[in-house]
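Student: Have a look at this one before I ask anything.
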Amino acid sequence: MNEWEWQLLEEKTPLDHLEIAGVEVKPGSRVRLRPRKGGDVMDIALAGQIATIECIEQDYEGKQHVCVVVDQDPGRDMGLLRQPGHRFFFDAEEIEPLSPDEIVPSSATQKPSILVAGIGNIFLGDDAFGVEVVRRLADLQLPERVRVADFGIRGFDLAYALQDGYENTILVDACPHGEAPGTLYVIEPDLEGLDDPEIPQAALEAHAMNPVSVLRMARAMNIEVKNVLLVGCEPETLGGEDGQMGLSAPVKAAVDHAVGLVESIIDKILKGDRFDSNPRSEL
């Protein structure tokens, strides 16, 4: 079998919905698992479990496969890390749509819709601003639909995280704009400009973090990037040649303001209000 034939066998077409027993199901629908008899130990363990459909695929033979995550799986919120052992594929006849009485909206079964991503290098002075802000946010009682994560300088990890389909992404990073140290900014990146061939492409490095480069990387991976805001802080120092641990006094003083700013953005997003960005939002 040649390479083209292997690609044909592996190729699957995503479907936006599927009809089972007269009921339309789609990604996000909750179902009960009914593995066919004679399966393995995993089928026995999953029988009767409630799960959420993550995607529906059709192979080259026209057979439909339903990918689900189980509601009771503690690893369901691990993003891409869950894929090797926390996503399960079933044939359409092995899943049962829940009755209307069983479908109870629950925030515990919803995927996070907002990603708050901390960016920065803790060894480069005020570049650690984003890391410190998300560290404090992680200690707060935020809504279920919000995921807070420290990506540090792991650009590839952030690009892959965007593949989870967040409706909104808030990047938190040091952001030099020539203002007084500690000045906070809320900037909405020009996502359309990411594809402009006239704009120089920044180098993409696995162990460096440039927000624009990460967004371009995600686009190159055919990941939909939408509704992105950057909460930035004017640094006083980025550590110099020898590096520096710890934030400068003005940037450290701005961290609490930045935490409150991110909380207010989250609140507006969840209420359906638009947060107007501005390049010089000083608190």
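The values are calculated or read from the model by the stated rules, or taken from the named source; none is laboratory data. Quick caveat, the model's predicted, so the values are computed rather than measured. When we count neighbours, we look across all protein chains shown, and the Cβ atoms used for this are built from the backbone with ideal geometry, even at glycine. Each accessible area value is taken on the protein alone, full model and side chains, heavy atoms only, with ligands, DNA and RNA left out. Shrake-Rupley method; radii C 1.70, N 1.55, O 1.52, S 1.80 Å.
Student: Give all pairs with beta carbons closer than 6 Å in which a residue from the stretch 205-219 that is at pLDDT below 80 meets a residue that is open to solvent by 70 Å² or more (accessible area, probe 1.4 Å); count only pairs at least 6 apart in sequence or on separate chains.
Tutor: Ala206/Phe156; Ser213/Leu204; Met217/Leu204
Student: Ok, one more. Would you mention how many residues in the stretch 257-273 are out of contact with any strand residue (DSSP E or B) (no Cβ under 9 Å at 6 or more places or on another chain) and either open to solvent by less than 40 Å² (accessible area, probe 1.4 Å) or in contact (Cβ under 8 Å) with a residue 60 or more places away in the chain (or both)?
Tutor: Narrowing the stretch 257-273 to residues out of contact with any strand residue (DSSP E or B) (no Cβ under 9 Å at 6 or more places or on another chain): 259-260, 263-264, 267-268, 271-273.
Okay, now just the ones that are also either open to solvent by less than 40 Å² (accessible area, probe 1.4 Å) or in contact (Cβ under 8 Å) with a residue 60 or more places away in the chain (or both), so 259-260, 263.
Looking only at that region, the number is 3.
Student: Ok, one more. Pick from the stretch 175-188 the residues that are open to solvent by 10 Å² or more (accessible area, probe 1.4 Å) and in contact with a Ser or Thr (Cβ under 7 Å, 6 or more places away or on another chain): which of them is farthest from Ser213 (Cα to Cα)?
Tutor: Just the residues of the stretch 175-188 that are open to solvent by 10 Å² or more (accessible area, probe 1.4 Å), to begin with: 175-182, 187-188.
Narrowing the set further to residues that are in contact with a Ser or Thr (Cβ under 7 Å, 6 or more places away or on another chain) leaves 181, 187-188.
Values: Pro181: 24, Ile187: 16, Glu188: 15 Å.
By that ranking, first place goes to Pro181.
Student: Follow-up question, since we're still on this one. Taking the stretch 113-131, which residues are buried (at least 24 other Cβ atoms within 10 Å of the Cβ) and of a type in the set (Phe, Trp, Tyr)?
Tutor: Initial filter on the stretch 113-131 (buried (at least 24 other Cβ atoms within 10 Å of the Cβ)): 116-120, 126-130.
Phe129 - this is the single residue of the stretch 113-131 that is buried (at least 24 other Cβ atoms within 10 Å of the Cβ) and of a type in the set (Phe, Trp, Tyr).
Student: Same structure, new question: Does Ala253 fit the bill of being touching a residue at least 40 places away in the same chain (Cβ under 8 Å), surrounded by fewer than 15 Cβ atoms within 10 Å (Cβ to Cβ) and outside any loop (DSSP other than H, G, I, E, B)? Reasoning before the result, please.
Tutor: Numbers: touching a residue at least 40 places away in the same chain (Cβ under 8 Å): yes; surrounded by fewer than 15 Cβ atoms within 10 Å (Cβ to Cβ): yes; outside any loop (DSSP other than H, G, I, E, B): yes.
Yes.
Student: Output the residues belonging to the stretch 139-174 that are open to solvent by 40 Å² or more (accessible area, probe 1.4 Å) and either without any contact (Cβ under 8 Å) to a residue 12 or more places away in the chain or at positive phi (or both).
Tutor: Answer for the stretch 139-174, where residues must be open to solvent by 40 Å² or more (accessible area, probe 1.4 Å) and either without any contact (Cβ under 8 Å) to a residue 12 or more places away in the chain or at positive phi (or both): Asp139, Gln141, Asp157, Gly165.
Student: Could you please find all residues in the stretch 131-174 being under 15 Å from the mean Cα position of the chain (by Cα), part of a loop (DSSP other than H, G, I, E, B) and farther than 29 Å from Thr237 by Cα?
Tutor: If the condition is that a residue be under 15 Å from the mean Cα position of the chain (by Cα), part of a loop (DSSP other than H, G, I, E, B) and farther than 29 Å from Thr237 by Cα, then Glu144, Arg145, Gly165, Tyr166, Glu167 are the ones that fit.
Student: Run down Ala180, Ala128 and say which single residue is more than 23 Å from Ile269 (Cα to Cα) and outside any loop (DSSP other than H, G, I, E, B).
Tutor: On the way: Ala180 fails: outside any loop (DSSP other than H, G, I, E, B).
Within the list Ala180, Ala128, the selection yields Ala128.
Student: Next up: Could you go through the stretch 224-235 and let me know if any residue there is of a type in the set (D, E, K, R), assigned to a helix (DSSP H, G or I) and open to solvent by 70 Å² or more (accessible area, probe 1.4 Å).
Tutor: So in the stretch 224-235, the residues of a type in the set (D, E, K, R) come out as 224, 226, 234.
Filter once more, so that each one left must be assigned to a helix (DSSP H, G or I): none.
For the stretch 224-235, residues of a type in the set (D, E, K, R), assigned to a helix (DSSP H, G or I) and open to solvent by 70 Å² or more (accessible area, probe 1.4 Å): absent.
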